[in-house]
1. How many of the residues in segment 337-379 are modelled with pLDDT of 95 or more and among the polar types (S, T, N, Q)?
2. Pull out all pairs, ordered by first then second residue, where Cβ-Cβ is under 6 Å, the residues are six or more apart or on different chains, the first lies in segment 285-302 and is hydroxyl-bearing (Ser, Thr, Tyr) and surrounded by 14 or more Cβ atoms within 10 Å (Cβ to Cβ), and the second is at pLDDT 95 or above and part of a helix (DSSP H, G or I).
3. Taking only pairs six or more apart or across chains, which ones have beta-carbon atoms under 9 Å, a first residue in segment 143-165 that is free of Cβ contacts under 8 Å to residues at least 12 places away in the same chain, and a second residue that is part of a strand (DSSP E or B)?
4. Quick check: is even one residue across segment 95-111 in a helix (DSSP H, G or I) and either at pLDDT 95 or above or surrounded by 15 or more Cβ atoms within 10 Å (Cβ to Cβ) (or both)?
5. Kindly indicate the residue of segment 104-153 that is among the polar types (S, T, N, Q) and in contact with a helix residue (DSSP H, G or I) (Cβ under 9 Å, 6 or more places away or on another chain) and also nearest to Ile350 (Cα to Cα) among those meeting that condition.
6. Please enumerate the residues belonging to segment 220-237 that are at pLDDT below 95 and outside any loop (DSSP other than H, G, I, E, B).
7. Considering only residues that are charged (D, E, K, R), outside any helix (DSSP H, G or I) and touching a Phe, Trp or Tyr at 6+ places or on another chain (Cβ under 7 Å), which ones fall in segment 121-149?
8. Within segment 164-186, can you find the residues that are outside any loop (DSSP other than H, G, I, E, B) and not polar (S, T, N, Q)?
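The values are calculated or read from the model by the stated rules, or taken from the named source; none is laboratory data. Because the structure is a prediction, the values reported are computed rather than measured. All Cβ positions, even for glycine, are placed from backbone atoms using ideal geometry, and neighbour counts span all protein chains on display.
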Amino acid sequence: MRLVNIPKEKYNDYRLDVMFDCYKWDPQFLDNNTIAKYALVITEEEHKELEELTEKIDKETIEAEEFINKNLKIAKPLALPKKITNELKRMKNYDSTKHIRLMRYDFHPTKENKWAVSEVNSDVPGGFAESSLMPQVAINAIGETNFYYKNFGDILAEAISKKVIPGGKIIMVHCTCYSDDRQVMQFLGDKLKSMGFNIIYGAADHLKFENNIAYSVLDGNEGKVDGIVRFTPLEWLKDIKPKTWDGYFDTITPSCNHPVAIFAQTKRFPLIWDELEKNGIKLETWRKLLPETIEVKDAKNKEGFIFKPACGRVGEKISIKEACRDNEFEEILKDVKKHPKEYLAQKKFISKPVIDEEGNEFHVCLGSYTVDGKHGGYYARIASSPRIDSNAADIPVLIERSI
C-alpha cells in the first residue's frame, strides 16, 4: 500500500473534475479540504487478500443476522432503541433473495503488518461516487497505465437490476435537506436511469405501505414503487417519526437495504458472538479482524480500551485521546458514564500510517464493499489523525497490476 501524488500542476483541475464530474458536491468540511492530493495504490496481492477476507466476513455477518432475525431473544445485548426493537417482529417475512444486501467493512493497516476491521457499515454505507468515478479521474491525472480499479457503482446497479423489474419505479430515500446525502443518491439514480429505470427522489415519509407493498405519495409520482434504495439510517428514521416508518420493516418491495441490517450496524454486535457461536454460527474471520469488544462496565481498570458509540457514524465520539479536540475527550467520558449502554469498549489497535514522498504520515480507512455477498470495490479516506472522522479526505483506491 502506498500513496501516489496527483501531480501538483494537475491537482486543481483534478479537484474540479471530482466536484463536477464525480458528484463530490461537499469538497470541504469546515476549513478542511476533503479531496486528497493522492491516490491510494494497493498491490494485486493486497487486493486479493482483502477481497477474500471481505467475502468471508460478509458470509459470517449474513448468517448471523438471519439467525438473529429468527431468534430475537438473543438480540437483547444489542441494546437497540426501544422503538426499533418493537418493530423487529415485523421482519419475519424477510427473504434475502428478494432484497439487495449492501455492506462496507472498514479495514485499517496495523503496526503488526496485519489488517484490523474497525466496524461494518451494515445499514446505509456511503461513498458511492467516490469509489466509482474518482479512480478513473485519478488514473487520467497520474497518467499511469498499470493501475485499474473495481467500479462499485456498476456492481451495485447490476445487483439492483436483478431484483427490480425492468423499467420499474425506484425511489431513492434520503434526507432531502442534505446535499451530501443527495449526491450519493443522485449518482446512483443517474446510473439506474441510464439503465431504463424510472427514478424518483424522496424522503422517508414519501412512502406509504399497503399489504406490505410500497407506494409513493410524492406529487406527480404517486403509485406503486418497484424498488427502494434507502440512505436514511434506521435510527434517524426512528427519530424523524414518519407515520408509516414501520412499513419499511416488512415490505416485500425489493429494498437496499432492508432493516435486517440493524443487527450488525450496532457496534454492540460482538457482544452476542458467544451466543451465536453456541448456535453454530461461525465467526472466525470476525474474531481474527475485530479488536476485543466488551461492555463498558467490563473495561473498568483495563488498559488499552477506547469507547465507541453503538450507533456512531463517521468516527464521531470515539475516545482516541490523541485525536480528540479541545475538551472533546472529557465530554465523551462523561457521556459514556451517563449512558453506558449506548457505548461499547474496544481494544485499541495501533494504526500503521502510510507516508508520502515528503515524509508526511497519514492514517488510512480502507472501506471494502460487498453486494449480495460478493466483493464490490473500495472507498477510502485518509487523515493525519488515527481517528478517521469528518475531517478526513476522500482518496481513490487503485490496484497495481503485477508485472
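1. Qualifying residue count for the region: 2.
2. Thr285/Lys56; Thr285/Ile57; Thr285/Glu60; Thr293/Pro270
3. Glu158/Val371
4. Of the residues in segment 95-111, the ones in a helix (DSSP H, G or I) are none.
The answer is no; no qualifying residue exists.
5. From segment 104-153, those among the polar types (S, T, N, Q) are 110, 113, 118, 121-122, 131-132, 136, 140, 145-146, 151; that's our starting set.
Right, trim to in contact with a helix residue (DSSP H, G or I) (Cβ under 9 Å, 6 or more places away or on another chain) and you get 121-122, 131-132, 140, 145, 151.
Numbers: Asn121: 21, Ser122: 24, Ser131: 26, Ser132: 29, Asn140: 34, Thr145: 34, Asn151: 30 Å.
So the residue we want is Asn121.
6. Those that are at pLDDT below 95 and outside any loop (DSSP other than H, G, I, E, B): Leu234, Glu235, Trp236, Leu237.
7. Passing the criteria: none in range.
8. Quick first cut of segment 164-186, residues outside any loop (DSSP other than H, G, I, E, B) only: 169-173, 179-186.
The answer is Lys169, Ile170, Ile171, Met172, Val173, Asp180, Asp181, Arg182, Val184, Met185.
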